[in-house]
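Below is one structure, written out as structure tokens; the observations come after it.
FYI, it's all coordinate maths here, none of it is from the lab. Owing to the predicted nature of the structure, the values given are computational and were not obtained by experimental measurement. Heads up, the Cβs are rebuilt from the backbone with ideal geometry, glycines too, and the neighbour counts pull from every protein chain shown.
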Amino acid sequence: MLNTISKGNAYDVAMENFDSAADVLGLDDSTREMIKYPERVLTVTVPVRMDDGHIHRFEGYRVQHSSVRGPSKGGIRYHPQVTLDEVKALATWMTWKCAVVNIPFGGGKGGVTCDPKHMSPGELERMTRRYTSAILPLIGPEQDIPAPDVYTNPQTMAWIMDTYSMTKGYPIPGVVTGKPISLGGSLGRNEATGRGVFYTVESACKHLNLPLKDARVVVQGFGNAGTVAAQLLHEAGAKVVAVSDSTGCVYNRDGLNIPELIHMKTLCGHVDGFPESEPMQPQELLALPCEILVPAALENTIHAENANLVRARIVAEAANGPLTPAADRILEGKGTFIIPDILCNAGGVTVSYFEWVQDEQHLFWEAQDIYSRLERVMKTAFRDVLKIHTERNVPMRIAANMLGIGRVAEAVQIRGIYP
Ligand code: NAD
């Protein structure tokens with residue numbers, strides 16, 4: 001629910017995280033100058049004819065943070081609170097995230113400041129197509145590949161793919177990932193982020209000798225990432241005791257019936273009023289004693305004022321940037337094991353990479369192939385980050401940033417700079 005959101009600037013957080021990791025890596029100033037800042041930033045006007053006939057002007061953005069290791073890659077967000085700084089932060093994190101899971105992409109991100117919940121399907125389609133035309137010079141399978149993010153979905157990707165393809169005269173599925181299967185989407189993409197969260201939680205539990213069976217789980221944000229993580233944890237025998245979305249929080253100390261709750265959310269669009277649960281306030285949800293807390297909503301939901309309430313053993317960051325640096329320090333001080341976002345939620349971009357490879361090869365894989373490749377990538381990345389965490393005695397977030405930033409730094413040093 002909204003009153004857990006702090007107004008912190010996500011880009012300041014991204015810059016602070018970069019500096020902390022670069023300092024421990026001992027990165028020289030020249031390399032920092034080359035990799036720290038976005039390569040391209042585009043702001044566009046998106047005029048849309050609304051259903052009542054008037055024209056409304058939306059503002060949209062596309063940021064390419066890095067193309068050092070490959071094309072830029074990152075989602076498109078539709079939300080009233082989208083700002084250029086938020087998009088820059090998300091693009092920056094994408095660069096380090098792609099490098100942590102060692103896939104050949106740099107970071108990108110896009111967004112339109114709008115309230116999709118109060119727009120009709122026709123308005124959303126017209127806005128998406130107009131926004132796509134506006135960012136057209138930047139995107140393409142070899143340049144920059146969008147994907148879904150908050151309040152965008154496979155249908156949005158289908159409209160982007162169609163608008164882009166119409167300008168070329170032939171279908172180009174590789175321009176976006178997270179497409180419907182019938183348009184060249186990949187099996188497993190829709191649930192990839194939550195599945196990746198699950199694999200990293202499994203690895204963390206193993207590392208901490210914490211049984212997943214009967215572990216109490218709290219999920220903040222019950223959308224794509226949150227529902228799938230909850231479902232897989234539930235299937236593994238964990239007890240998901242509380243979840244929230246933008247409409248409310250529901251709690252059952254014996255564990256919520258997650259398949260039923262997902263069914264209700266799909267049908268009604270909210271978790272509020274779920275049978276066999278009691279309502280609770282967002283602050284109470286964060287304060288629940290549990291083994292695993294999964295923030296899966298938006299940035300900065302856990303901050304200086306509420307981090308002290310958190311009693312979880314593991315915080316698995318399904319969302320991007322859910323902890324402010326102040327919250328990080330508080331949780332670190334309490335000994336909470338944090339699975340940082342650029343590791344925890346990297347399953348989405350990993351299967352996006354698989355989708356792009358399949359589109360480029362025109363050869364599609366079985367679901368089981370996708371799951372086993374994803375599991376291998378996520379568990380390898382977890383092991384690599386954990387190694388830095390233990391050997392260098394740094395927090396998991398700094399370890400993940402060191403791995404990602406270190407790989408990008410190495411690539412830029414080898415490439416050199418033109419001219
Ligand atoms: P989504 O739109 O499917 O779901 C977002 C959910 O958060 C919704 O249920 C919404 O009701 C809820 N929410 C919004 N504000 C809230 C609040 N203040 N408190 C509690 N719940 C709130 O979005 P998603 O794709 O699941 O993305 C969620 C997070 O995961 C974002 O930070 C996104 O960047 C990140 N992420 C998503 C993907 C992906 O593939 N979808 C990949 C990597 C990271």
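A few remarks follow.
- Taking the inverse of the mean 1/r over every pair of distinct Cα atoms in segment 196-352 gives a Kirkwood hydrodynamic radius of 15.2 Å.
- The Cα atoms of the chain cover 56, 55, 42 Å along the three principal axes, with the biggest extent listed first.
- Compactness of segment 106-191 - radius of gyration and Dmax, Cα, Å: 12.3, 35
- J(HN,Hα) series, segment 145-154, from Karplus relation 6.51 cos²θ - 1.76 cosθ + 1.60, nearest Hz, glycine and proline x: 10, x, 8, x, 9, 4, 6, 10, 8, x
- Distance from the alpha carbon centroid of segment 1-78 to that of segment 398-412 works out to 18 angstrom.
- Kirkwood Rh (inverse of mean 1/r, distinct Cα pairs), segment 127-235, angstrom: 15.8
- For the chain, modelled as a GNM whose springs connect Cα atoms under 10 angstrom apart, the maximal fluctuation among Asp245, Asp144, Asp28 occurs at Asp28.
- Averaging the Cα positions of each part gives two centres, and for segment 90-120 and segment 261-288 these lie 27 Å apart.
- Amide proton proximity set for Arg216, modelled H, under 5 Å, gap of 5+: Lys239, Glu291, Ile292
- For the chain, DSSP calls about 45 percent of its internal beta bridges antiparallel.
- Residue-wise HN-Hα couplings along segment 244-253, as the Karplus relation 6.51 cos²θ - 1.76 cosθ + 1.60 with θ = phi - 60° gives them from phi, are 9, 9, 6, 9, x, 10, 10, 9, 8, 5 Hz; Gly and Pro carry x.
- Ranking Ile76, Ala287, Gly404 by how far each Cα lies toward the positive end of the dipole of the chain (charges on Cβ) leaves Gly404 at the top.
- Debye log10 I(q)/I(0) for segment 21-158, one point scatterer per Cα, at q = 0.13, 0.17 Å⁻¹: -0.56, -0.87
- Among Val385, Val357, Val176, residue whose mean-square fluctuation peaks in a GNM of the chain (springs only between Cα atoms under 10 Å): Val357
- Within a Gaussian network of the chain (alpha carbon springs, distance under 10 Å), most fluctuating of Lys179, Lys168, Lys379: Lys168
- Cα-based shape type of segment 320-419, given that a ≥ b ≥ c are square roots of the gyration tensor eigenvalues and the cut on a/c is 1.5: oblate
- Compactness of segment 69-137, expressed as Rg and Dmax over alpha-carbon positions, Å: 13.7, 39
- In this structure, the amide hydrogen of Thr247, modeled 1.01 Å from its nitrogen in the peptide plane, lies closer than 5 angstrom to those of Val271, counting only residues at least 5 positions away or on a different chain.
- Each residue of segment 243-301 gets 93 Å³ once the volume of the Cα convex hull is shared out per residue.
- Rg to Rh quotient for segment 203-254, alpha carbon positions, Kirkwood Rh: 1.00
- For segment 301-306, Karplus couplings with θ = phi - 60° (6.51, -1.76, 1.60), whole Hz, Gly/Pro x: 7, 10, 9, 4, 7, 10
- Modelled FRET efficiency - R0 41 Å, Asn209 with Thr83, Cβ distances, 0.05 increments: 0.45
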